[in-house]
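Trainee: Quick one: this structure, given as structure tokens, is what I'll be asking you about.
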Amino acid sequence: MAIDTTTPTAPPTPPLGSPRSPRMSTRDKLVLFVLCAAQFMVALDFSVLNVALPVLGADLGMSPSALQWAVTAFALPSGGFLLLFGRIGDLYGRRKLFLTGLALFAAASVLATFAWDPASFLAGRALQGLGAALIVPTGMSLLTTTFAEGPARDRALGISGTLMSLGFTIGVVAGGVLTDALGWRSTMGLLAVFALVVLPLAPGLLPESRTPDRPHLDVPGAITVTGGLLSLIYALTTAADHGFARADVIATLIVGLALLATFAVVESRTESPLVSLPMLRRRTVAWGNLGGLVTFSMMSTVVFVLTLYLQEVLGLSAWETGLVFGVQGVMSVIAGSLTPRFISRLGARRILVVSLAGQGAFGVALLFLNAHVWSVWLVTAAVSLASMFHLGAIISYGLTVTSGVPDEEQGLATGLVTSTQQVGITIGIPLLGVLATTSGDLLSGTRTVLALDAAIVLAAAALIAVGLRTGREGGSREGGSEAVEAEPVGSR
């Protein structure tokens, strides 16, 4: 909620959607629309360009190896700066950074739309990534500080999670349709339109929010964690196309891990750390983020290998493949409306475990696919149902991590959540997806990847169930958003 610096003796205004006003007002809905539309726009950007890459390369004269940078140029800043910008938003104003990110994203999308050569296009993509790194953590923390913990926040995060999942799925479909009908530039133009619609609405609706004491920014921590994340994301995105044997992949992977290890040492010795190590030791933060990492990395792997399978093994067109994943999007919307209700009754931690178990179980069903065209029905059903549990995991892990965290640390908590999302989406394909493309037999390789994927998700569900002690959790009467446990991991 916004910090009132002018009338400190006045009673605080109830947060939007607080228990005293359980029904959302028109203003509440507009605030939620602005925040969720921005998250949807960023999710759309992750996938809308993928189908258009060959056409883009031919138009701008980019080689296949250069096309990798159309993805990497966005992924590097969007993932590498999340924690830093989340913390800066805590200290200096989340609304300011959110609006800056929207303006930057809009300008970058216009630049990418009208790019005249590879350099101008990649500059636009990099600036889009920087804008996304400003939008995502500050937007999420504005949502969690604006809507009161309990049913209101559960519902808001449910809608946000649904739209993020839907944005990624719609991007796959819309990218193919727009590229065929209007050319690759229309995919970037769509993002510019989104940003230009949301940007004028945001200033008059969003409250400012920051930590009241404003400690100094941890510069050594910011440098080491940002450098570490940038190196790690570069290594993983490059490995997705070229494998782990390349010298630059190995070198940047080592540098990234070394910088992150240095970051941990720096944070343990500074008075105003960028990341509070006691927070990272909380059960809900540690195990919740593990759940997020697994659900994002494994679901992105499933989508990747099944896209290849549907087109290369079953012979479906890009449009038909998009329709299969379009059903997944519809099921995600249904899951988004149901998940907050289950969380209110059972608690976010139980739903996280159940959702991971469901995602893994329907992943097992995919092991029965074959080269017959009728397998498309198995893929459609299993992926659609798995995506419902996947969305349940998205919503519940975000609530598990952020519930009970004080407002002054919400930017940090949501920065961890969104960093987990970015790293999860990034690591799944290079770690597992390449097995499908390098095995020689795509069908056999796809089955191998799907088996490993399901095993990892089910193992994570079991570990998190033990780590969070879900059997001892009581549903909260205020919406199932449990308080964060202060005990460190492994203390019991």
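The values are calculated or read from the model by the stated rules, or taken from the named source; none is laboratory data. In this text, all values refer to a predicted model and were calculated from it rather than measured experimentally. Positions of Cβ are backbone-derived with ideal geometry, glycine not excepted, and every protein chain shown enters the neighbour counts.
Trainee: Going through region 39-97 one residue at a time, which ones are of a type in the set (Ser, Thr, Tyr) and in a loop (DSSP other than H, G, I, E, B)?
Mentor: SER63
Trainee: Run down PHE244, PHE263, PHE147 and say which single residue is in contact with a strand residue (DSSP E or B) (Cβ under 8 Å, 6 or more places away or on another chain) and more than 30 Å from SER317 (Cβ to Cβ).
Mentor: Values: PHE244 fails: in contact with a strand residue (DSSP E or B) (Cβ under 8 Å, 6 or more places away or on another chain); PHE263 fails: in contact with a strand residue (DSSP E or B) (Cβ under 8 Å, 6 or more places away or on another chain).
Sole residue among the options that is in contact with a strand residue (DSSP E or B) (Cβ under 8 Å, 6 or more places away or on another chain) and more than 30 Å from SER317 (Cβ to Cβ): PHE147.
Trainee: Pick from ILE254, ILE223, ILE233: which is within 28 Å of LEU67 (Cα to Cα) and at pLDDT 80 or above? Give the steps one after another, and end with the answer.
Mentor: Numbers: ILE223 fails: within 28 Å of LEU67 (Cα to Cα); ILE233 fails: at pLDDT 80 or above.
The conditions single out ILE254.
Trainee: So THR448 ticks every box in (1) within 24 Å of the chain's Cα centre (by Cα); (2) of a type in the set (S, T, N, Q); (3) at pLDDT 85 or above but one. Which box is left unticked?
Mentor: (1)
Trainee: Could you give me the residue pairs with C-beta distances under 7 Å whose first residue belongs to region 192-206 and is assigned by TED's automatic domain parsing to the domain that holds GLY101, whose second residue is modelled with pLDDT of 85 or more and not in a helix (DSSP H, G or I) wherever it lies, and which are 6+ apart or on separate chains?
Mentor: Close Cβ pairs satisfying both conditions: none exist.
Trainee: Out of all the residues in region 335-349, is one or more touching a His at 6+ places or on another chain (Cβ under 8 Å) and closer than 17 Å to LEU293 by Cα?
Mentor: No, that holds for no residue.
Trainee: Determine whether ARG125 is charged (D, E, K, R), closer than 22 Å to LEU104 by Cβ, assigned by TED's automatic domain parsing to the domain that holds LEU30 and free of Cβ contacts under 8 Å to residues at least 60 places away in the same chain. Give the steps one after another, and end with the answer.
Mentor: Values: charged (D, E, K, R): yes; closer than 22 Å to LEU104 by Cβ: yes; assigned by TED's automatic domain parsing to the domain that holds LEU30: yes; free of Cβ contacts under 8 Å to residues at least 60 places away in the same chain: yes.
Judged against the criteria, ARG125 is a match.
Trainee: Among the residues of region 214-235, how many are charged (D, E, K, R) and assigned to a helix (DSSP H, G or I)?
Mentor: Here is the first cut: in region 214-235, the residues charged (D, E, K, R) are 214, 218.
Okay, now just the ones that are also assigned to a helix (DSSP H, G or I), so none.
Residues flagged as charged (D, E, K, R) and assigned to a helix (DSSP H, G or I) within region 214-235 amount to 0.
Trainee: Filter region 401-414 for residues that are among the hydroxyl-bearing types (Ser, Thr, Tyr) and within 15 Å of the chain's Cα centre (by Cα); which is modelled with the highest pLDDT? Explain how you work it out, then say what you get.
Mentor: Of the residues in region 401-414, the ones among the hydroxyl-bearing types (Ser, Thr, Tyr) are 402-403, 414.
Add one more test, that the residue is within 15 Å of the chain's Cα centre (by Cα), and what stays is 402, 414.
Details: THR402: 77, THR414: 69.
If we take residues in region 401-414 being among the hydroxyl-bearing types (Ser, Thr, Tyr) and within 15 Å of the chain's Cα centre (by Cα), then THR402 is modelled with the highest pLDDT.
Trainee: On to the next question. Is there a residue being assigned by TED's automatic domain parsing to the domain that holds ALA436 and over 30 Å from SER444 (Cβ atoms) anywhere in region 314-330? Can you show your working first?
Mentor: Taking region 314-330 first, the residues assigned by TED's automatic domain parsing to the domain that holds ALA436 are 314-330.
Going one step further and asking which of them are over 30 Å from SER444 (Cβ atoms), we end up with 330.
The answer is yes; a qualifying residue exists.
Trainee: Regarding LEU432, is this residue surrounded by fewer than 20 Cβ atoms within 10 Å (Cβ to Cβ) and either in a helix (DSSP H, G or I) or at pLDDT 85 or above (or both)?
Mentor: On the way: surrounded by fewer than 20 Cβ atoms within 10 Å (Cβ to Cβ): no; either in a helix (DSSP H, G or I) or at pLDDT 85 or above (or both): yes.
Here the answer is no, as LEU432 does not meet what is asked.
Trainee: Given the conditions (1) assigned to a helix (DSSP H, G or I); (2) out of contact with any Gly (no Cβ under 6 Å at 6 or more places or on another chain); (3) among the polar types (S, T, N, Q), report the number of the one that ASN370 does not fulfil.
Mentor: (1)
Trainee: If you take just the helices (runs of 4 or more DSSP H) that sit entirely in region 275-367, which of them hold at least 3 residues that are of a type in the set (S, T, N, Q), at pLDDT 75 or above and within 22 Å of THR448 (Cα to Cα)?
Mentor: Details: elements: 277-280, 283-308, 318-346, 348-365.
Counting at least 3 such residues, we get 283-308.
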